[in-house]
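S.K.: Questions regarding the structure given below will be posed in turn.
The values are calculated or read from the model by the stated rules, or taken from the named source; none is laboratory data. This structure is a prediction, so every number in the text was calculated from the model and none was measured. No Cβ is skipped: glycine too gets one built from the backbone with ideal geometry, and neighbour counts run over all protein chains shown. Note: accessible area is taken over every heavy atom of the protein model, side chains too, but ligands, DNA and RNA are not part of it. Shrake-Rupley method; radii C 1.70, N 1.55, O 1.52, S 1.80 Å.
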Amino acid sequence: MASGDEKYRSLLLGDEEKNTKWRFGVPPNYDVVNKLFEEERTNVWPVGSLEERVQSLVKNFEMELFHKISSTDFRTLDLNNFTFCLNGRKPLSIEETSKLGGYNPFLQTSLPEEYRYYNAAKETAASSHQAFTATFPRGFALEIIQVYSGPPDIVFKFRHWGHMEGAFKSHAPTGERIEFFGVAIFKVNENDIILGVEFFFDPGELLGKLMKGPRLDGSVEKAVSSCPILRNTGKQQMKK
């Protein structure tokens, strides 16, 4: 159940959420990942600062995107105008984004099928959630590193990280901290309701690190060794 003193996702609580349809049956509990966030973040932004407000907006947005089934329960978005865009790809509507679910909107790829070690088009919200929660039992934390411009076009740099203490897609855990950085643009109205988001980062960088460990069955993953993208991340790291 959701913690009664959730500090970073104010929209998780309140009377408005009494009838919310949660993807996994109950409100999410962020106590574990909040602990990781507080122990390893690089900045503590003052309450009320632009950076703190943006960080709160992004955490609330991700909470709703990952855990709410019905888009009508979303409180961070303008449902009539919202679009999600990754690395300049074709923008997705809220319905298309929710249908992909979990981390899948963030891991879309144009690679040929045989090189899609993690195929976001074939994963579900449940399988995505299971894969990443098993890999990062202490959570996959997010922080805002820098805000380049404020509303209505909020541009910021972010950091995502966690400790790989569980297997990922049959690759053994390394115990290492896995992190990546990216830039995002959130377009908001005068009430800070999100009209559209654009994310820019390299999903291959993340997946390469997650495939650094040996296969649990002792084999070498063909997709990593043959893919011209992943072999520059995961394969090189496996040699270390």
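S.K.: Quickly run through the stretch 1-41 and pick out the residues that are in a loop (DSSP other than H, G, I, E, B) and hydrophobic (A, V, I, L, M, F, W, C).
M.R.: Those that are in a loop (DSSP other than H, G, I, E, B) and hydrophobic (A, V, I, L, M, F, W, C): MET1, ALA2, LEU13, PHE24, VAL26.
S.K.: Another question, if that's okay. Which pairs have Cβ atoms under 8 Å, sit 6 or more apart or on different chains, and link a residue in the stretch 158-177 that is within 19 Å of ILE145 (Cβ to Cβ) to one that is surrounded by 16 or more Cβ atoms within 10 Å (Cβ to Cβ) and small (Gly, Ala, Ser)?
M.R.: Between residues of the stretch 158-177 that are within 19 Å of ILE145 (Cβ to Cβ) and residues that are surrounded by 16 or more Cβ atoms within 10 Å (Cβ to Cβ) and small (Gly, Ala, Ser), the close pairs are PHE158/GLY182; PHE158/ALA184; HIS160/ALA141; HIS160/GLY182; TRP161/ALA141; GLY162/GLY139; GLY162/ALA141; ARG177/GLY162.
S.K.: Okay, next question. Which is modelled with pLDDT under 95 and at positive phi, of SER170, SER219, SER225?
M.R.: Numbers: SER219 fails: at positive phi; SER225 fails: at positive phi.
Within the list SER170, SER219, SER225, the selection yields SER170.
S.K.: Within the stretch 144-154, is even one residue at positive phi and within 15 Å of the chain's Cα centre (by Cα)? Walk me through how you get there before you give the answer.
M.R.: The initial filter retains those residues of the stretch 144-154 that are at positive phi, namely none.
Within the stretch 144-154 (the criterion being at positive phi and within 15 Å of the chain's Cα centre (by Cα)), the answer is no, since none of the residues qualifies.
S.K.: Restricting attention to the stretch 72-84, and to residues there that are buried (at least 19 other Cβ atoms within 10 Å of the Cβ) and not hydroxyl-bearing (Ser, Thr, Tyr), which single residue is farthest from GLN146 (Cα to Cα)?
M.R.: PHE74
S.K.: Looking at the stretch 64-71, is at least one residue among the hydroxyl-bearing types (Ser, Thr, Tyr), surrounded by 15 or more Cβ atoms within 10 Å (Cβ to Cβ) and touching a residue at least 60 places away in the same chain (Cβ under 8 Å)? Quick ask: steps written out before the conclusion?
M.R.: Of all residues in the stretch 64-71, those among the hydroxyl-bearing types (Ser, Thr, Tyr) come to 70-71.
If we keep only those that are surrounded by 15 or more Cβ atoms within 10 Å (Cβ to Cβ) as well, we get 71.
Checking the rest, the ones that are also touching a residue at least 60 places away in the same chain (Cβ under 8 Å) come to none.
Within the stretch 64-71, none of the residues are among the hydroxyl-bearing types (Ser, Thr, Tyr), surrounded by 15 or more Cβ atoms within 10 Å (Cβ to Cβ) and touching a residue at least 60 places away in the same chain (Cβ under 8 Å).
S.K.: Can you tell me which of LYS99, LYS90 is out of contact with any Phe, Trp or Tyr (no Cβ under 7 Å at 6 or more places or on another chain) and assigned to a helix (DSSP H, G or I)? First the steps, then the outcome.
M.R.: On the way: LYS90 fails: assigned to a helix (DSSP H, G or I).
Among LYS99, LYS90, only LYS99 is out of contact with any Phe, Trp or Tyr (no Cβ under 7 Å at 6 or more places or on another chain) and assigned to a helix (DSSP H, G or I).
S.K.: Now for a separate question. Restricting attention to the stretch 90-126, which residues are surrounded by 13 or more Cβ atoms within 10 Å (Cβ to Cβ) and free of Cβ contacts under 8 Å to residues at least 24 places away in the same chain?
M.R.: If we filter the stretch 90-126 for residues that are surrounded by 13 or more Cβ atoms within 10 Å (Cβ to Cβ), which is where we start, we get 91-94, 96-109, 111, 115-120, 123-125.
Selection gives LEU92, SER93, ILE94, GLU96, LYS99, ASN119, ALA120, GLU123, THR124.
S.K.: Tell me, please, whether a residue that is of a type in the set (Gly, Ala, Ser) and closer than 27 Å to GLU51 by Cβ can be found in the stretch 130-148. Full working, then the answer.
M.R.: Looking only at the stretch 130-148, we keep the residues that are of a type in the set (Gly, Ala, Ser), and these are 131, 134, 139, 141.
This time we only want the ones that are closer than 27 Å to GLU51 by Cβ, so: 139, 141.
Yes, the stretch 130-148 contains a residue that is of a type in the set (Gly, Ala, Ser) and closer than 27 Å to GLU51 by Cβ.
S.K.: Let me ask something else about it. Can you work out which of the residues in the stretch 3-54 that are open to solvent by less than 30 Å² (accessible area, probe 1.4 Å) and in contact with a Pro (Cβ under 8 Å, 6 or more places away or on another chain) is nearest to ARG177 (Cα to Cα)?
M.R.: Looking at the filtered set, the residue picked out is LEU12.
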